[in-house]
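FYI, it's all coordinate maths here, none of it is from the lab. Keep in mind that this is a model prediction, so the values were computed, not measured. Methodologically, a virtual Cβ is constructed for each residue, glycine included, from the backbone with ideal geometry; neighbour enumeration extends over all protein chains shown.
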Amino acid sequence: MNYKEKKHFEIIIVGAGLSGIMLIWEILNRKELRDKKILLLDKYQKEQAPRTWCFWEKGPSSFDDIITKQWRIAELFAGSSHLTTDMYPYSYQMLSSERFFNRAFSIINRYSNITFKQAAVEEVIDNESKVTVVTPDDVFSADMVFDSRLPQSTIDNYDGPLLYQQFAGRFVKSQKPVFNATNIRLMDFRMMQDKKVAFCYLLPFSSTEALLEYTIFTDQIYPPTVLEKGVDDYVLEHFDDTTMVTTSKEYGVIPMGNFPSGEKNKRIIPIGTAGGCSKASSGYTFSFVRLHTLHIIDSLIANELPTSYSFFIPRRFSFYDSVLLRVLKKHPEKGQQIFFQLFKKNSIEVVIRFLHNRSTIREEISIFLNLPVLPFLKAAFAEFFFRCKLF
């Protein structure tokens with residue numbers, strides 16, 4: 001179909017979420033790029049639901065002044081086992097979407113070359129020399145398009161190992177000092193693991209305020225009421241406190257899989273989860289979005305076409321992720337052992353590097369030697385033969 005294009009931009013960004021806004025923010029931070037003519041498209045006028053992002057950080061970052069809270073001590077629980085670890089030289093940091101977007105838009109709104117339009121994108125067409133973007137009312141063109149949409153059809157048609165990370169979080173406040181304000185509970189598996197990996201996650205802001213989150217890895221999507229009950233049960237079992245009240249809630253579903261994420265040398269570049277920035281085995285996204293954004297910035301400065309995140313990390317890490325997903329899908333009851341031993345048997349620096357796809361092969365071998373051998377061997381062979389069929 002031939003479209004009559006209304007206006008041309010150097011860059012069009014589809015989606016005003018984390019990946020799209022972080023990309024504009026970093027473009028405006030570079031004097032070589034900040035004059036580019038950019039169109040930001042999103043079907044919503046503003047973010048639909050506030051959320052939080054958490055990540056490990058080593059040293060200062062550009063987000064230090066808007067961080068909600070950071071911690072150095074992490075605890076893990078599995079059955080009767082308990083582990084406390086000092087994460088130094090890293091800290092575990094929380095950033096609220098509200099603070100992030102407020103800061104980003106306070107910068108974006110100063111630039112007249114950035115245009116925001118509320119519109120759903122119906123079609124994005126790569127015409128080799130430019131890209132056409134179709135909305136219900138307009139047609140635009142651009143030198144390149146960064147697209148954060150992950151179509152449901154991509155998930156539905158995915159043949160690889162797939163789980164969903166679901167979480168229900170509550171920001172709670174108590175009249176009694178029931179929280180250890182210096183320690184996070186990174187993973188607390190002291191709950192039923194039937195047909196799913198389930199754990200609670202606790203981030204304390206003070207001795208009386210915290211974020212409590214119930215998380216499951218499962219191959220089916222449960223209604224929010226199931227996750228809400230998980231939070232209720234955890235509070236009843238581990239906190240003798242009838243004064244605790246909920247001040248706000250968050251809920252989310254993250255598909256965990258190594259989905260196809262575009263092609264090299266194309267003018268449509270997937271970003272965010274669509275670009276491979278949600279780690280398939282953990283759901284962590286923020287750090288990978290930031291890393292991908294910096295890759296895009298370097299490519300733009302060098303007048304090169306960027307790629308999706310999936311293309312510039314060693315392929316072995318996506319293989320590891322898929323193997324773990326296969327194990328958790330078939331043996332969800334082993335999840336608590338796998339994650340607890342990961343932190344218990346390895347130094348925290350090695351674990352964090354591994355979770356960020358930055359570990360060495362020697363470090364990875366050391367990690368694998370402490371995992372349940374038979375389930376992982378079977379899953380590794382299954383993933384190997386699955387990938388062979390793709391070529």
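Quick look at the values:
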item: Relative counts (whole %) of C-alpha pair distances in segment 180-319, using bins that are 5 Å wide; result: 2, 8, 15, 17, 14, 12, 11, 9, 7, 4, 1, 0
item: Peptides 377-383, 153-159 ordered by average Cβ neighbours within 10 Å, highest first; result: 377-383, 153-159
item: Translational D in µm²/s for segment 259-336 (Stokes-Einstein at 37 °C, 0.692 mPa s, Kirkwood Rh from C-alpha pairs); result: 244 µm²/s
item: For segment 163-256: relative contact order, % (alpha-carbon pairs under 8 angstrom, 6 or more apart); result: 45 percent
item: Percent of Cα-Cα distances greater than 16 Å, calculated over segment 94-167; result: 70 percent
item: Separation of the LEU33 and ASN180 label points, Cα + 7 Å toward Cβ, nm; result: 4.2 nm
item: Residue exposure sequence - VAL351, VAL253, VAL14, VAL139 - by fewest surrounding Cβ within 10 Å; result: VAL253, VAL139, VAL351, VAL14
item: For the chain, share of DSSP beta bridges that run antiparallel, in % to the nearest 5; result: 70 percent
item: Taking the convex hull of Cα positions in segment 315-390, its mean projected area over all directions (nm²); result: 4.9 nm²
item: Point-to-point label distance, HIS8-SER347, nm (Cα→Cβ direction, 7 Å offset); result: 5.4 nm
item: Residues of type lysines that LYS195 reaches as a straight line, Cα spacing below 17 Å, ignoring anything fewer than 8 places off in the same chain; result: LYS229, LYS329, LYS330, LYS334
item: Relative counts (whole %) of C-alpha pair distances in segment 81-236, using bins that are 10 Å wide; result: 8, 23, 26, 23, 16, 4, 0
item: Cα Rg, Dmax (largest Cα-Cα span) when computed across segment 163-256, Å; result: 13.0, 38
item: Pairs of lysines in segment 1-123 (C-alpha under 14 Å apart; 8 or more residues apart or interchain); result: 6
item: For q = 0.08, 0.09 Å⁻¹, Debye-computed log10 I/I(0) when each Cα of the chain counts as one equal scatterer; result: -0.45, -0.57
item: Calculated SAXS-style log₁₀ I(q)/I(0) at q = 0.19 Å⁻¹ - segment 1-133, Debye, Cα scatterers; result: -1.13
item: Theoretical FRET efficiency, 1/(1+(r/R0)^6), r = Cβ-Cβ of SER299 and SER129, R0 22 Å, to 0.05; result: 0.75
